[in-house]
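Take a look at the structure set out below.
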Amino acid sequence: MSYRLFIANKNYSSWSMRAWVALKALDIPFEEVLTPFEGAGLQTAFTSFSPTAKVPCLHEGDHVVWDSLAIIEYVAEAHPDLWPRSRAARAWARCATAEMHSGFPALRDECSMNCSLRIELDMPSEGLQRDLERLETLWCEGLKRFGGPWLAGERFTAVDAFFAPVAVRVQGYDLPLGETALAYAQRLLEHPSVADWISQGIAEPWIDEPHEQDCLRGRRVLADRRA
């Protein structure tokens, strides 16, 4: 049996990006099945492969895994290098991954992912500022505690994949972070699996207006890499 990973537009789908990047970075073979977003409302095409009509969704034979973090844990049973080898680093990485999975609400809401656009962000809201402060604290903690260059040590693991879409947001909205955090975000953007996802997202032929408007919100576009 082999993995089939169902995803949506690479330009917009941050959750799809997390699972895809993790598997690519660890050279775990899988078949990609991309279904574009259909606009606002329920993504009816997704119901054919995902019980929640959301992405990502992983199939392996009769097994269906429909949550990004659950996908990582499922695949890690066969590919344990998705997590750090050290027990301490593995525990920290799981906590940080789970925090990204359920936290940072203002960052998600105010800075929707778009691989193509550079957008002028006004003064960050109080909520966004709190999220950025927590993000910087978390990143710096991991880098210092485990020695870098990745969050849980010398190897790129699932925790780095889960923060890859944040690096896209840092670049796209020019988010204010300190030198150490910005350097880590740049390393993420330059990682081959992350860079590959971004370049494919920029090259996509589909424009999904609800996602575009969620990024813009009347803000000024500084650059559109699709042009």
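Taken together, the values in this text are just the output of simple stated rules run on the coordinates, not laboratory data. On a predicted model such as this, the values are computed, not experimentally measured, just so you know. Every residue, glycine among them, receives a Cβ derived from its backbone with ideal geometry; neighbour counts consider all protein chains shown.
Multiplying each eigenvalue of the alpha-carbon gyration tensor of the range 17-93 by 5 and taking the square root yields semi-axes of 27, 13, 11 Å, largest first, rounded to whole angstroms.
Which of the GluC sites (Glu not before Pro) found in the range 53-82 are loop residues per DSSP with 15 or fewer other Cβ atoms within 10 Å of their Cβ?
On the way: sites: Glu60, Glu73, Glu77; in loops: Glu77.
Answer in residue order: Glu77.
The separation of the range 30-48 from the range 90-125, counted between C-alpha centres, amounts to 22 Å.
Name the shape class, rounded, prolate or oblate, that the alpha-carbon gyration tensor gives for the range 119-227, where a ≥ b ≥ c are the square roots of its eigenvalues, rounded holds for a/c under 1.5, and otherwise prolate holds if a/b is larger than b/c and oblate otherwise.
On the way: a/c = 2.51, a/b = 1.37, b/c = 1.84.
Oblate, since a/c reaches 1.5 and b/c is not below a/b.
Rounded, prolate or oblate: pick one for the chain, where a ≥ b ≥ c are the square roots of the eigenvalues of its C-alpha gyration tensor, a/c under 1.5 means rounded, and failing that, prolate if a/b is larger than b/c, else oblate. Because a/c hits 1.5 or more and a/b fails to exceed b/c, the chain counts as oblate.
Restricting the range 158-227 to trypsin sites (Lys or Arg not before Pro) that sit in a DSSP loop and have at most 12 other Cβ atoms within 10 Å of their own Cβ leaves Arg217, Arg220. Counting only residues at least eight positions apart within a chain, or on another chain, the lysines with an alpha carbon under 29 Å from that of Lys10 are Lys24, Lys54.
Considering only DSSP beta bridges with both partners in the chain, what is the antiparallel share in %, to the nearest 5? Before the final figure, lay out each step's value.
Details: 11 of 15 bridges.
Rounded to the nearest five, the antiparallel share is 75 percent.
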